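Colleague: Below is a structure I'd like to ask you about.
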Amino acid sequence: MAPDSPSGPHLRLLLIEDSADDALLLIHRFRSGGYLLDVQRVDTPAQTEAALRSHTWDVVISDHDLPGFSAIAALGIIKQLELDIPFIIVSGAIREETAISAMRAGAHDYLSKNRLERLLPAVERELREAENRRQRRQALAAQHEADTRFQAVAASTPGVIFQMTRLGDGQLAFAYASDATEMLLGVSVRQLCDDSACFSRLLLEDDRAALDAALVASATSGARLNWEGRIHTEAGDTKWINVRGSVRYDAARQAIWEGVMWNITHSKQTESELRASQAHLKALSNHLQFAKEDERERIARDVHDVLGGHLVALKFSASLMASRLDAPIDQLRSQVTSIETLIDEAIDTVSRVTRELRPGILKDFGLAAAIESHAEDFAKRTGIQCEVLCADDDIALPEAESIALFRIFQESLTNVSKHAKAQHVEIRLIHTGDGVSLEVGDDGVGLGHADLAKPHSFGLRGIRERVTSLGGCVDIGNRIPRGTRLQVVLPLPAPLSTLAPQEPSA
């Protein structure tokens, strides 16, 4: 049937009725109630199934017994199609047992054709119930989808997503924790949620009070929880974790925190290493400043005590000679010889100080020659024998690398003279294939682990910093049978032939 002209609420009605007169009577009831009908009458199983498959219906009204068909059979079709449609039986005569069977089969109500005044209220009630069921299904589907999304996010989040409350005894009760719990805390989700003391046992004693104070402050002010502390897992690992969450309150004003726990061990280690590195750099910078002042003082002492003394002696000798020009020639010659000796010593002092500041031989003759020259000066000054092996006199390094290796060599000999109590030093400067190796070994007292870890071992620290900045490596250890061995390896630069642009072929 075609729908009526628009005048009231629309109702899509499927009538399962073999009597046309009874069907018209029912339709009249709905139109009298102001409904705009879209109605279809069927009376066989095939017609019923076709109508249910091809259209959407608001309500189904069925006679109980039809020729070759029944309301129970119609309910079976609806159940088979998995439809949720209000189904009301309207029959001329129905026994109570039959009505109960129909209700158990899925009918929502049954009425007598002789008492149709209940028809519209029953239909309206079942329409409301059907709408409630539809909304409930939608809500459950939306909740299920949200739960699925949440579980997917929780499963892919490396942190532990949680919901917890703080009990009266200070323990933490977890209502929910994500699957990352075992990876982060070393306990299962069930252990954490079932045992309110589980999380507290993991906390280090020094950090437990801080977490408790943070929870109390968050619960009191409503501010977000943000706490960092350490846990000790059953596997023996100590980890830094960050607990962040927002707080809300239930009906009993009990604080509930929901948030995430993260593993921040790596960032804490990096932060600690950075602070230590900054402290080392600050200490090294201060040491270098003091070393610079010591160097200036030593140079000033050499210039004043040695060179200045020679110059004063020269002036005295020259004045004495000028006042005795008529003296015998032998005395004059002796005086000239003395002056020449003072001049030679002054020249030696100037040359030595100059070489220590910036050896010209390093620029003019290369690294190997500079090392041999400084080793010779060191042996003369300290009495420690030096044996130099430079297998490759043609080692070519950029100026920065050459100066760095030379300064490292100077520092290593200084350490030998100060600490090693050595009699003999071996120095090797050789190619290693793709780098240059400088090795300094002595026969002194050697190094212990405590010596390497000294907070004020600025010489060794300075060597490491210098070599690291050039991309090299340092190895410091004991020498067999006794003494100390320092080896520094710097990478060779790429050959100039590989850096220069290639000429185009003819």
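Colleague: Restricting to the stretch 340-363, name every residue that is at pLDDT below 70 and within 50 Å of the chain's Cα centre (by Cα).
Modeller: If the condition is that a residue be at pLDDT below 70 and within 50 Å of the chain's Cα centre (by Cα), then E356, L357, R358, P359 are the ones that fit.
Colleague: Mind checking which residues of the stretch 363-411 are in a loop (DSSP other than H, G, I, E, B) and either not assigned by TED's automatic domain parsing to the domain that holds G471 or not acidic (D, E) (or both)?
Modeller: Across the stretch 363-411, the qualifying residues are G366, G383, I384, A391, I395, A396, L397, P398.
Colleague: Considering only residues that are farther than 17 Å from L367 by Cα and in a strand (DSSP E or B), which ones fall in the stretch 415-442?
Modeller: Within the stretch 415-442, H424, V425, G441, D442 qualify.
Colleague: Here's another thing I want to ask about it. Could you please find all residues in the stretch 200-209 being within 26 Å of the chain's Cα centre (by Cα) and over 18 Å from N263 (Cα atoms)?
Modeller: E205, D206
Colleague: Shifting gears a bit: If a residue has to be loosely packed, with under 11 Cβ neighbours inside 10 Å and not aliphatic (A, V, I, L, M) to count, how many in the stretch 316-339 make the cut?
Modeller: 7
Colleague: Turning to a different aspect of this structure: Does the stretch 112-135 contain at least one residue that is part of a loop (DSSP other than H, G, I, E, B) and either surrounded by fewer than 11 Cβ atoms within 10 Å (Cβ to Cβ) or touching a helix residue (DSSP H, G or I) at 6+ places or on another chain (Cβ under 6 Å) (or both)?
Modeller: Looking for residues that are part of a loop (DSSP other than H, G, I, E, B) and either surrounded by fewer than 11 Cβ atoms within 10 Å (Cβ to Cβ) or touching a helix residue (DSSP H, G or I) at 6+ places or on another chain (Cβ under 6 Å) (or both), one finds at least one in the stretch 112-135, hence yes.
Colleague: Any idea which of G229, G259, G186 is surrounded by 15 or more Cβ atoms within 10 Å (Cβ to Cβ) and within 14 Å of F162 (Cα to Cα)?
Modeller: Being surrounded by 15 or more Cβ atoms within 10 Å (Cβ to Cβ) and within 14 Å of F162 (Cα to Cα) holds for just one of G229, G259, G186, which is G259.
Colleague: Let me ask something else. Pairs please, first residue from the stretch 16-29 and among the hydroxyl-bearing types (S, T, Y), second anywhere and buried (at least 19 other Cβ atoms within 10 Å of the Cβ), Cβ atoms under 8 Å, 6+ apart in sequence or on different chains.
Modeller: Sorted first by the residue in the stretch 16-29, then by its partner, the pairs are S19/D63.
Colleague: Select from the stretch 471-484 the residues that are crowded, with 16+ Cβ neighbours inside 10 Å and within 23 Å of G433 (Cβ to Cβ) and list them in ascending order.
Modeller: Of everything in the stretch 471-484, those that are crowded, with 16+ Cβ neighbours inside 10 Å and within 23 Å of G433 (Cβ to Cβ) turn out to be G472, V474, I476.
Colleague: Name the residues in the stretch 185-216 that are part of a helix (DSSP H, G or I) and aliphatic (A, V, I, L, M), would you?
Modeller: L185, V189, L192, L202, A209, A210, L211, A213, A214, L215, V216
Colleague: Return the pair list, or none, for Cβ contacts closer than 9 Å from residues in the stretch 232-247 that are assigned to a strand (DSSP E or B) to residues that are loosely packed, with under 11 Cβ neighbours inside 10 Å, at least 6 apart or on different chains.
Modeller: H232/T238; W240/H266; V247/S221
Colleague: For S91, are the conditions met, namely being in the same structural domain as R125 (by TED's automatic domain parsing) and either over 20 Å from Y110 (Cβ atoms) or within 60 Å of the chain's Cα centre (by Cα) (or both)?
Modeller: In short, no.
Colleague: Does E258 satisfy the condition of being assigned to a loop (DSSP other than H, G, I, E, B) and at pLDDT below 95?
Modeller: The answer is no for E258.
Colleague: Kindly indicate whether S417 is buried (at least 20 other Cβ atoms within 10 Å of the Cβ) and of a type outside the set (A, V, I, L, M, F, W, C).
Modeller: Considered against the rule, which asks whether it is buried (at least 20 other Cβ atoms within 10 Å of the Cβ) and of a type outside the set (A, V, I, L, M, F, W, C), S417 comes out as no.
Colleague: Give the residues of the stretch 149-174 that are assigned to a strand (DSSP E or B) and touching a Ser or Thr at 6+ places or on another chain (Cβ under 6 Å), sorted by residue number.
Modeller: If the condition is that a residue be assigned to a strand (DSSP E or B) and touching a Ser or Thr at 6+ places or on another chain (Cβ under 6 Å), then V160, I161, A173 are the ones that fit.
The values are calculated or read from the model by the stated rules, or taken from the named source; none is laboratory data. This one's a predicted model, so the numbers in the text were calculated from it and none came from an experiment. Glycine also receives a Cβ, built like all others from the backbone with ideal geometry; neighbour counts cover every protein chain displayed.
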